[in-house]
Amino acid sequence: MADYYVAVHADNIAGARAMNLGDIVLSPGFNISREELTTLVAHEARHREQWAVVTVIGGPFAFPVAYAIDDFFFPGSRNHFERQAGLESGNYRHSGTGPVLGPAQFAALCVLAVIMVVALLGARHRRASAKSRRGADTPGTGTDRRIGSG
């Protein structure tokens, strides 16, 4: 458990699970053997590595955001970060690998689809507006310069 701070608190925000925040492990306190604790710490150490890599790629909030999104669609033992860290060492019971598509996930996907459609329509509208402005700024466009005799 070198280079770790383990905070044991009954009102852990992760509930009955341990939670890794970089070099800090939050735990509700476990009545487990030293061997099980060593295994759990190894699991959390793999999360520490994940946190470091994702932080380098996407910044300091990238890992918590990526983990939360993954856990929303792939909860518990389906979570890709948990699978990579080792389900057995994290005391997870295997319950499938595919996504969970309940009402909340379906609603989130619908909201994402609406946002994408609105963004695409907005971009199309901006391009059309810019094109029409360029056409209106061109000298001679829209005016009749013929001189008629009469």
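Yes/no per residue for (1) within 21 Å of ILE24 (Cα to Cα); (2) open to solvent by 70 Å² or more (accessible area, probe 1.4 Å):
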| site | (1), (2) |
| --- | --- |
| THR39 | yes, no |
| ALA42 | yes, no |
| VAL56 | yes, yes |
| ALA66 | yes, no |
| GLN105 | no, no |
| ILE115 | no, yes |
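When the range 68-93 is filtered for residues that are open to solvent by 80 Å² or more (accessible area, probe 1.4 Å), closer than 21 Å to LEU40 by Cα and under 13 Å from the mean Cα position of the chain (by Cα), only HIS80 remains. Looking across the range 1-44, the residues that are out of contact with any helix residue (DSSP H, G or I) (no Cβ under 6 Å at 6 or more places or on another chain), modelled with pLDDT of 80 or more and under 23 Å from PHE63 (Cβ atoms) come down to THR39, LEU40, VAL41, ALA42, GLU44.
Of the candidates ALA136, ALA128, ALA113, the single residue that is at pLDDT 90 or above and either assigned to a loop (DSSP other than H, G, I, E, B) or more than 29 Å from the chain's Cα centre (by Cα) (or both) is ALA128. The residue list LEU101, LEU87 contains one member that is at pLDDT below 95 and farther than 26 Å from SER27 by Cβ, which is LEU101.
Of all residues in the range 89-106, how many are closer than 17 Å to ASN20 by Cβ and not aromatic (Phe, Trp, Tyr)?
The qualifying residues number 3.
Hey, could you check the range 45-83 for residues that are within 16 Å of PRO99 (Cα to Cα) and of a type in the set (S, T, N, Q) and say which is modelled with the highest pLDDT? It comes out as ASN79.
The values are calculated or read from the model by the stated rules, or taken from the named source; none is laboratory data. As the structure is a prediction and not an experimental result, all values here were calculated from the model. All Cβ positions, glycine included, derive from the backbone under ideal geometry; neighbour counts span all protein chains shown. Ligands, DNA and RNA are stripped out before the accessible areas are found, and what is left, the full protein with its side chains, is counted by its heavy atoms. Shrake-Rupley method; radii C 1.70, N 1.55, O 1.52, S 1.80 Å.
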